[in-house]
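Read-outs throughout are calculated quantities, based only on the coordinates presented, and are distinct from any laboratory measurement. Everything quoted here is computed from the prediction, not taken from an experiment. Ideal geometry is used to build each Cβ from the backbone, glycine not excepted, and the neighbour counts take in all protein chains shown.
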Amino acid sequence: MQARQADLHTLFQSGGRAFPETVWPILNLLAAQAGHLTPAQCRTIMAQMDISLEGLMVRLLPLAGAYARVPVSRFVVGAVIQAQSGDDPQDYGLYLGANLELAGQSLDTAVHAEQAAVVNACHQGAGTVRTLAVSAAPCGYCRQFLNELADAERMEVIISPGINQQEDLRLGLRELLPHAFGPRDLNQPAGFMAPGRKPIPLQLKESAVDELVLGALSAATDTYAPYTGNAAGCAVRTREGQVFFGRYVESAAFNPSIGPLTAALINLNMARAAAPLDLTRVVLVERPTTISQRGAVEKMASSLGKGLKLEYHEARPA
């Protein structure tokens, strides 16, 4: 973590959109807070810099990009989500994300920055997403993924490609994705991260007391899978002993869905971006339906640790 904070210090001093030293103490907490700034922290920075929340989002984009792992494309993208944080529906925090690629794996395992920011916000208990800032125009795949969000109709996107390029562009998601296909077309009225969504009651087919198995089960209960009902959660352990979890998130268009291991890797990366993705355990708990996550997770796990084998556990309705 100290190495990660040193990297952030370098970014803060890199010119262009650099932050003044007065706000470094708060920004240094980004590493410990997995790329999250609380509403109070945002207000303090905004007051000290005399900028709006949207202005702060744009300035944070280079820091979000510092979390990128891009061994294939070498193309860094950072994203910042403004999402409800806490009990006050008008209180919004900021959540960072960056693109993530796995060397040696097919391109369909790559994570886009917009997806990473949304998953990071969801994992940290955020509510409704209001605005996204991103350092490159969202591709069609990401526009479709964002369309799954509960408040997609009112969501705005700020495209800020850099200080030496064109001016920032602010558009509604509906402008970026006209005539959209989404949850309502498949008779789903709510959408991802809708308020009041309840966990899916599940239990293991075979009892277990293992921390990772139970954590993966808990993640599976938080699945968003309205189209297949395939509740699935992953738990991973790093070589240093840290444990991270991820839940499955579906899209009405199917392909932009986020698998449970992908979500766990996003959460791992946001918590310890400077460290290698070297795992000693990968656990999947799922309730298989017309689909299963097992094959996809096994494929990804093969590149995340020497001799790493998936530990699979089936769940059923509680």
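The C-beta contact set for segment 117-134 (first residue crowded, with 24+ Cβ neighbours inside 10 Å, second residue assigned to a helix (DSSP H, G or I) and β-branched (Val, Ile, Thr), distance under 6 angstrom, 6+ apart or interchain) comprises Val119/Ile266; Ala133/Val58. Look at segment 38-51: where a residue is within 9 Å of Gly93 (Cβ to Cβ) and a partner is assigned to a loop (DSSP other than H, G, I, E, B), sitting 6+ places away or on another chain with Cβ atoms under 6 Å, you get Pro39/Ser85; Pro39/Asp91. On the basis of being touching a residue at least 24 places away in the same chain (Cβ under 8 Å), in contact with a helix residue (DSSP H, G or I) (Cβ under 7 Å, 6 or more places away or on another chain) and not in a loop (DSSP other than H, G, I, E, B), does Gly233 make the cut? Yes; evaluated as a whole, the condition is true for this residue. Using the structure shown, decide if Val282 is in contact (Cβ under 8 Å) with a residue 60 or more places away in the chain and among the β-branched types (Val, Ile, Thr). Spelling it out, it is not the case that Val282 is in contact (Cβ under 8 Å) with a residue 60 or more places away in the chain and among the β-branched types (Val, Ile, Thr).
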